[in-house]
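Encoded as structure tokens, the structure appears first; notes follow it.
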Amino acid sequence: MNRQAASLAIRADGDTRLGLGHVMRCAALADALVGAGHRVIWLSRTPDAIPAELAARIEISAMAPDTVEADSLVPALAALRADGLIGDWQATDPALCRHVRRAGIWLALVGNHLAGAEADIVIHQRFAADTADDTAGICDGAAHLLLSPGYADLPVRAVKPEVKRLLISLGGSETAILDRVLDALRGMPELAPVELDVRRAGARATALPDTGLLDALCAADLAILAAGTTLHEAAATGLAAIALPITGNQSDRARQYQALGLGVSLDPTESGFETRVRETVAGLLNAAEQRQSFSAAGQATVDGHGARRVAARIGAMISRAPEQPDASLSTAIAGPPS
């Protein structure tokens, strides 16, 4: 291949059922790839979820809801003349990944739970790297967290003595845990002077804002957040937060968050959850020293340049990939994934 710029496809969806984390982090990576001079084509069943500003700078290929990816993905990539695919599925299909690579298409996978699928590069999204995965084909740890450019080089947060605004956002998917949290906080006298900024999935605009919750995170003094991409954003802004893993695949990240001293983690599946929410919020409201410790640790850990680093790594690796003749694509397309 040996070219400075490449044609790279992204495959990711997001809505109130799937959540918006896949779209948020892929949008950050797409922005960095376009900035590096690459052509980006986004294949999506939910194209309206792609941030409007980014959508104007990339190509979007809408997929029908009933599309069978095992049959259609590789032919679509071939028709788009894509050199590589960046896949960020809710559930990764190892057979589909093998089919893509057999077609001579370079493959990157984003996420922490990939079902054993193999790729040319894996881009994990967690605060601490797994030292056992320290190989050339792995991007891991806080230095590779995919955040939009607005989260890079933010000023050091000035932590207030008292909390004036509490942000509550449990991601882009609908979850009953939000109402449990609000019920737990209802009637707390300590919260009487505190403004609650509650973000519900159903109230979101169709398209993601270009910078996610950046303004809300910067304006808040404390937050209760799902343990997904927004938790990475909070750390970059220096916002002390209580992390709630609302899905099973967020549990490891929530544990890392607390273990690294970035904030507190509470498990909604444990008994007494509502009581622990009340006690933890009450304890942090006037604990400026502890919030300051969380804030400093967060900004020291997440600098917001992860997408740029990953884009540079992808560009360097794909430029060294051997070029595949068109015939190899035709041969691979003819065979079903197995």
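The values are calculated or read from the model by the stated rules, or taken from the named source; none is laboratory data. Values in this document were obtained by computation on a predicted structure and should not be read as measured data. Glycine also receives a Cβ, built like all others from the backbone with ideal geometry; neighbour counts cover every protein chain displayed. What goes into the accessible areas is simple: the full protein's heavy atoms, side chains included, and nothing from ligands, DNA or RNA. Shrake-Rupley method; radii C 1.70, N 1.55, O 1.52, S 1.80 Å.
Among residues of the range 288-323 being surrounded by fewer than 16 Cβ atoms within 10 Å (Cβ to Cβ) and in a loop (DSSP other than H, G, I, E, B), the one that is modelled with the highest pLDDT is 320.
A single entry from 217, 208, 225 fulfils the requirement of being closer than 30 Å to residue 55 by Cα, at pLDDT below 95 and under 17 Å from the mean Cα position of the chain (by Cα): 208.
Which one is surrounded by the fewest Cβ atoms within 10 Å (Cβ to Cβ) among residues in the range 68-127 that are among the β-branched types (Val, Ile, Thr) and not in a helix (DSSP H, G or I)? Checked the range 68-127; the qualifying residue surrounded by the fewest Cβ atoms within 10 Å (Cβ to Cβ) is 68.
Do the conditions hold for residue 267, that is, is it in contact with a helix residue (DSSP H, G or I) (Cβ under 9 Å, 6 or more places away or on another chain), open to solvent by 10 Å² or more (accessible area, probe 1.4 Å) and in a strand (DSSP E or B)? Here the answer is no, as residue 267 does not meet what is asked.
For the range 26-48, the criterion of being open to solvent by 10 Å² or more (accessible area, probe 1.4 Å), out of contact with any Leu (no Cβ under 7 Å at 6 or more places or on another chain), in a helix (DSSP H, G or I) and under 22 Å from residue 113 (Cα atoms) is met by none of the residues.
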